[in-house]
Amino acid sequence: MLNITITKTSAPKEKPNPEVLGFGKFFSDHMFVSEYTSGKWVNPRIVPFAPFLIHPASTVLHYGAEVFEGLKAYRTKDGGIQLFRPQENAKRMNVSCERMCLPTVPEADFMQILTEFVRLEQDWVPSLPGTSLYLRPYLFGNDEFLGVHPVDSAVFMLIGSPVGAYYAGGLSPVRIMVECDDVRAVKGGTGYTKCGGNYAASLRAGKRAIGEKCAQVLWLDGVNRKYIEEVGAMNVMFKIAGEVVTPELSGSILPGITRSSCIELLRASGIKVTERPVSFDEIIAAHGAGTLEEAFGTGTAAVISPIGEFFHLGKSYTVNGRQIGKTTQELYDMLTGLQWGRELDKFGWTYKI
Ligand code: PLP
Ligand code: COI
C-alpha cells in the first residue's frame, strides 16, 4: 500500500455549470503527483491543482517521453461513483511505458491512486445524464540532461476534468475525413501505445480535417495507405450487410478498452463481429452496393460516436442518411447503461469507489 499524503486546497473552486462542460476545459481542485528517482517511486501525494516547475532540459520537453491514459468516474443513480474497467488502463499504461523506456506503475498502486483521488474529488463527479469526471493519468521522463537516453527520473500525475460530450454535437453523427497523405503510425512504431507523440503527429491532418468541416481524421495504414486503422481519438467499426467489422489489432492502432467492450457486448447480443483488415475501398464498394449500414467510433471520451459521412479525395459518402443506426444506438444504450450503472453488470467491468 502506498502512503499517499493529502494536502487539501484552501480555496475550492466553484463547480462549472454541468450543462456546458464540453470536454477537458475544467479541472477539479486537486492533482496526484509522484516522482521516480533512483529506481523507485517516491513522495506520492495529492495536492491542490496548480502549475508546477519543470527543468528547461527535462526529457519530456525535448524528446517527447510521455504516455497517458483516459478513463471516467461515473455517477450512478443511487448517488454512488464507479469506474469502468480501470485495471485495463493500468495495464495499457504500463505497455506504453515499456515501449517508451519509462518506469511502470504497479497495477495495485495505480488502482489505489485512482480510488483515493476520486474519493477526495467526489463532489466533482457530475450527475447530469451523459456527464462524468474524466480522469487523466500521465507519466513523463524528467531527467535534466539533453542526451537522448532512457530516463532515470520520471513523474506520474493524475488530474480530473468534469466533462460532457467530446464532440460539440453530442450523439449526432460526425463527418470524418479519410487521410491519404500523413500517416499516424506503422507497425514497429508507437501506434499501439497512448503516447503524446502519436497525437502531436496527427495534428496537421486534424487541422486539414477541420478545414473540410470534419470532426476528425480516419487514418489509413502507413504501408499501403489502403487499410483502415482508427480515428483520431477512437477506434472504428462498420456494420456491413448485418455483420460488424473492425480493423484487427495490428500493432499500429490503440487497443481501445471501449473497442473490446463493444465487441463483447455486440457478440453477447447475437451480432457477428469480425476483427480483420478493412480497406477503405471495401467501404466505398459497400456504400455503392447499399450494404454499408452503419459506422461508428468507440472511445472513452467519444463513447459511441455515430459516423454520418466520410470525406475521401474530394467525395462524400454518407452513412445511413446521416442518422444514428439501430445497432449503434443499441450499443450506446448497453455501454452507457453499464457505465452509469443503469444496467446490471454481468461482465464484472464496473469498479465501485
Ligand atoms: N484510439 C485512439 C487514438 C484514442 O486516443 C482512443 C482514446 O483513448 C481510442 C482509440 C479509444 O480507446 P479507449 O476505448 O480505451 O478509450
Ligand atoms: C480518451 O478517450 O480517453 C482519449 O484519450 C481521447 C483523447 C485523446 C481525448
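You will find that of 277, 306, the residue that is assigned to a loop (DSSP other than H, G, I, E, B) and either in contact with a helix residue (DSSP H, G or I) (Cβ under 8 Å, 6 or more places away or on another chain) or away from ligand 2 (no atom under 16 Å from the Cβ) (or both) is 277 and no other. Taking the conditions exactly as written (modelled with pLDDT of 95 or more, on the phi > 0 side of the Ramachandran plot and basic (Lys, Arg)), does residue 85 satisfy them or not? So residue 85 fits the description; yes.
Matching residues to (1) at pLDDT below 95; (2) within 8 Å of ligand 1 (Cβ to nearest atom); (3) open to solvent by less than 10 Å² (accessible area, probe 1.4 Å):
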{"position": "229", "(1), (2), (3)": "no, no, no"}
{"position": "237", "(1), (2), (3)": "no, no, yes"}
{"position": "244", "(1), (2), (3)": "no, no, yes"}
{"position": "248", "(1), (2), (3)": "no, no, no"}
{"position": "254", "(1), (2), (3)": "no, yes, no"}
{"position": "257", "(1), (2), (3)": "no, yes, no"}
{"position": "262", "(1), (2), (3)": "no, no, yes"}
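Does any residue of segment 141-151 turn out to be closer than 30 Å to residue 15 by Cβ and either surrounded by fewer than 18 Cβ atoms within 10 Å (Cβ to Cβ) or in contact with a Leu (Cβ under 9 Å, 6 or more places away or on another chain) (or both)? No, segment 141-151 has no match at all. Checked against the criterion of being surrounded by fewer than 17 Cβ atoms within 10 Å (Cβ to Cβ) and without any contact (Cβ under 8 Å) to a residue 40 or more places away in the chain, segment 56-73 contains one or more residues that satisfy it.
Residues that are open to solvent by less than 20 Å² (accessible area, probe 1.4 Å) and away from ligand 1 (no atom under 16 Å from the Cβ) occur at least once in segment 267-280.
In segment 76-107, the residue that is nearest to residue 151 (Cα to Cα) out of those that are open to solvent by 50 Å² or more (accessible area, probe 1.4 Å), within 21 Å of the chain's Cα centre (by Cα) and in contact (Cβ under 8 Å) with a residue 24 or more places away in the chain is 99. Of the residues contained in segment 137-147, one or more are found to be assigned to a loop (DSSP other than H, G, I, E, B) and without any contact (Cβ under 8 Å) to a residue 40 or more places away in the chain. Scanning segment 66-79 for residues that are of a type in the set (Gly, Ala, Ser) and either within 13 Å of ligand 2 (Cβ to nearest atom) or touching a Phe, Trp or Tyr at 6+ places or on another chain (Cβ under 9 Å) (or both) yields 70, 73.
The values are calculated or read from the model by the stated rules, or taken from the named source; none is laboratory data. On a predicted model such as this, the values are computed, not experimentally measured, just so you know. Reconstructed Cβ throughout: ideal geometry from the backbone, glycine too, with neighbour counts over all protein chains shown. Each accessible area value is taken on the protein alone, full model and side chains, heavy atoms only, with ligands, DNA and RNA left out. Shrake-Rupley method; radii C 1.70, N 1.55, O 1.52, S 1.80 Å.
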